[in-house]
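Report on the structure given below.
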Amino acid sequence: MIEFLPDMPDGVAGIRVSGRIGGAELRDLKPAMDRLMDSGEIRIVEVIDSDYEGFGPDGLAEDLKLGLGLLIRHHAAFKRIAVVSDKEWVAHAMHAFAWMVPGELALFGLDELDRAKEWAAA
């Protein structure tokens, strides 16, 4: 499941992922992400919930298409991405792939969501 988070600071988009993410959910997310990218400056808080299980059918392929497409078209617009999770593999993945992510990237624990919002907005 993918949902937009309420109560985010101005200029910050919040997304929570949980359960297993399928390709259809990511295709449904694309119009909202395109609108976000058109805002000019991108600041995101992504919460990876403790029950997140990864990608379901067609999920990984859609995630790559969506993510790479956004990065290529809007590379300079990315300012800050706060990833909020207690999953150990998330920290390892961030360290491995941080060089590919434009802008600043920071990891926060699930109990630090408010701090992640403040950091992303700063």
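The values are calculated or read from the model by the stated rules, or taken from the named source; none is laboratory data. Nothing here was measured: the structure is a model prediction, and the numbers come from that model. Methodologically, a virtual Cβ is constructed for each residue, glycine included, from the backbone with ideal geometry; neighbour enumeration extends over all protein chains shown. To get the accessible areas, we keep the full protein, side chains included, count just its heavy atoms, and leave off ligands, DNA and RNA. Shrake-Rupley method; radii C 1.70, N 1.55, O 1.52, S 1.80 Å.
Could you please find all residues in segment 1-46 being of a type outside the set (A, V, I, L, M) and assigned to a strand (DSSP E or B)?
E3, F4, G14, R16, R20, R43, E46
Looking at segment 68-92 only, could you name the residues that are at pLDDT below 85 and open to solvent by 30 Å² or more (accessible area, probe 1.4 Å)? Walk me through it before giving the result.
To start, the set of residues in segment 68-92 that are at pLDDT below 85 comprises 68-78.
Across segment 68-92, the qualifying residues are L68, L71, I72, R73, H74, H75, A76.
Given (1) open to solvent by less than 20 Å² (accessible area, probe 1.4 Å); (2) part of a loop (DSSP other than H, G, I, E, B), identify the lone condition not met by P57.
(1)
Name the single residue, out of those in segment 1-32 being open to solvent by 60 Å² or more (accessible area, probe 1.4 Å) and among the hydrophobic types (A, V, I, L, M, F, W, C), that is nearest to E118 (Cα to Cα).
Applying the filter and picking the extreme gives F4.
Looking at segment 8-17, can you tell me whether even one residue there is over 15 Å from the mean Cα position of the chain (by Cα) and in contact (Cβ under 8 Å) with a residue 60 or more places away in the chain? Before you say what the answer is, go through the steps one by one.
Let us first name the residues in segment 8-17 that are over 15 Å from the mean Cα position of the chain (by Cα), namely 9-10.
Checking the rest, the ones that are also in contact (Cβ under 8 Å) with a residue 60 or more places away in the chain come to 9-10.
The answer is yes, given that some residue of segment 8-17 is over 15 Å from the mean Cα position of the chain (by Cα) and in contact (Cβ under 8 Å) with a residue 60 or more places away in the chain.
Please determine, by comparing only the residues of segment 93-122 that are in contact with a strand residue (DSSP E or B) (Cβ under 6 Å, 6 or more places away or on another chain) and part of a loop (DSSP other than H, G, I, E, B), which one is most open to solvent (accessible area, probe 1.4 Å).
G103
Which residues, counting only those in segment 33-45, are surrounded by 13 or more Cβ atoms within 10 Å (Cβ to Cβ) and over 23 Å from L107 (Cα atoms)?
Hit for segment 33-45 is D34, nothing else.
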